[in-house]
1. Ignoring everything except DSSP H segments at least 4 long, calculate the 222 nm mean residue ellipticity for the chain; use -39,500 (n - 2.57) per segment, divide by total residues, nearest 500.
2. Could you give the nm distance between label points at Arg66 and Thr108, where each point is 7 Å from its Cα heading toward the beta carbon?
3. Measure out, as a whole number of angstrom, how far apart the alpha-carbon centroids of segment 276-299 and segment 152-193 sit.
4. Just need log10 I(q)/I(0) for segment 161-237 at q = 0.12, 0.20, 0.26 Å⁻¹, Debye formula, equal scatterers on the alpha-carbon atoms, no solvent, rounded to two decimals.
5. For segment 210-336, what D do you get in µm² per second when you plug the Kirkwood radius from alpha-carbon pairs into Stokes-Einstein at 20 °C and 1.002 mPa s?
6. Provide the FRET efficiency to the nearest 0.05 for the Leu238-Trp90 pair, computing r from the beta carbons and using R0 = 22 Å.
7. Quick one: Kirkwood hydrodynamic radius for the chain, alpha-carbon pairs, angstrom, one decimal?
8. When the distances between all Cα atoms of segment 193-235 are binned every 5 Å from zero, what whole-number percent does each bin get?
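The values are calculated or read from the model by the stated rules, or taken from the named source; none is laboratory data. Because the structure is a prediction, the values reported are computed rather than measured. Cβ atoms come from the backbone with ideal geometry, glycine included; neighbour counts cover every protein chain shown. Just so you know, the surface numbers come from the protein's heavy atoms only, side chains and all, with ligands and any DNA or RNA stripped out. Shrake-Rupley method; radii C 1.70, N 1.55, O 1.52, S 1.80 Å.
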Amino acid sequence: MIRECPPMNADQPFKPLRMPRIASIDVARGLALVAMAIYHFTWDLSFFGYVAPDLAITGGWRIFARLIATSFLFLVGVSLILAHGNGIRWQGFWKRFWMVAVAALLITVATYFLTPPTYIFFGILHHIALASLLGLLFLRLPPVIVAVAAVIVAVLPFYASSDFFDPRYLAWTGLAERAPRSNDLVPLFPFFAAVLAGIAATKLALEFGLAERLSLVGVAKALKPLETAGRHSLLFYLVHQPVLIGFVWVFSQVVPPPPVRFSETEFSSMCMRTCTQERDGAFCTAYCGCMLDRFKADVSLFEQLQRQDDLAAQENIVRVANQCSLQTEQLKLPSN
């Protein structure tokens with residue numbers, strides 16, 4: 001059961017009780033960080049042309065990325081309850097919030113200059129910062145109410161999406177019909193559902209005494225590195241990708257990626273795999289037909305497609321893609 005605050009004198013300042021740190025949660029966060037590093041390394045290999053350009057954004061790797069984001073956000077909900085469930089510790093909350101918010105801003109600025117066509121305007125850190133604020137509204141609600149809210153947040157994009165939310169300044173909501181391209185987009189809907197699920201689950205765990213029992217469980221020596229990484233997750237997040245992408249860049253200077261020759265069938269297949277992640281089949285068939293025509297008219301685009309580390313090449317690819325997208329929109333195709 002949740003422990004109640006001891007009686008205090010009227011002149012004593014309120015000091016919320018805090019659960020002992022649960023090492024297994026740090027280990028879980030560390031595992032999520034390792035999974036994220038594996039995904040980002042795959043993305044880096046794709047970025048430099050060692051694997052297919054669409055490998056990290058389609059199929060199983062796309063699902064893997066979403067599971068990683070969901071796990072991080074679930075743990076945000078868990079941490080909110082453990083740290084502030086008995087009373088919000090405002091000093092600690094604001095310190096953590098501004099650390100994450102400033103880090104998110106740095107990610108936006110860095111990617112805006114490094115990859116302008118697909119810069120990160122609302123990635124996982126942006127979501128964590130906003131979710132930490134919004135999560136405070138649910139700390140005092142019963143678990144069942146929080147769980148119902150999680151379901152609503154999860155399904156809302158399927159019923160409330162609109163082109164009104166397509167611009168970047170609104171696409172972060174997750175209600176856009178055609179969100180702008182971004183290397184890491186983790187919109188409020190539906191992903192905030194994971195935070196709410198974490199809050200609801202931890203409330204139940206506290207009611208049944210599970211959290212206190214977990215706090216007494218130690219960590220095996222082999223898992224200590226994961227626990228340490230989980231304790232310093234923000235630092236790990238900020239450092240790991242520059243290290244990984246720097247490693248791949250150095251490797252590319254010694255062993256350049258092999259040139260890739262796309263056949264028309266391979267290109268069309270790759271385009272359809274990527275497009276159908278967001279749009280219906282009718283749109284993607286017309287869109288990919290337009291893209292293939294543009295690439296056949298300018299064969300240099302096939303080479304540019306592989307050179308994701310070439311800013312000018314990628315801006316040109318995005319320009320062609322936007323032209324084909326607009327052209328396809330104007331066809332007013334029926335949806336499937």
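1. -21500 deg cm²/dmol
2. Spacing of the two 7 Å Cα→Cβ label points: 2.5 nm.
3. One Cα centre to the other: 23 Å.
4. -0.62, -0.95, -1.11
5. Estimated diffusion coefficient is 114 µm²/s.
6. 0.35
7. 22.2
8. In whole percents, the pair-distance histogram is 5, 19, 14, 18, 25, 16, 2.
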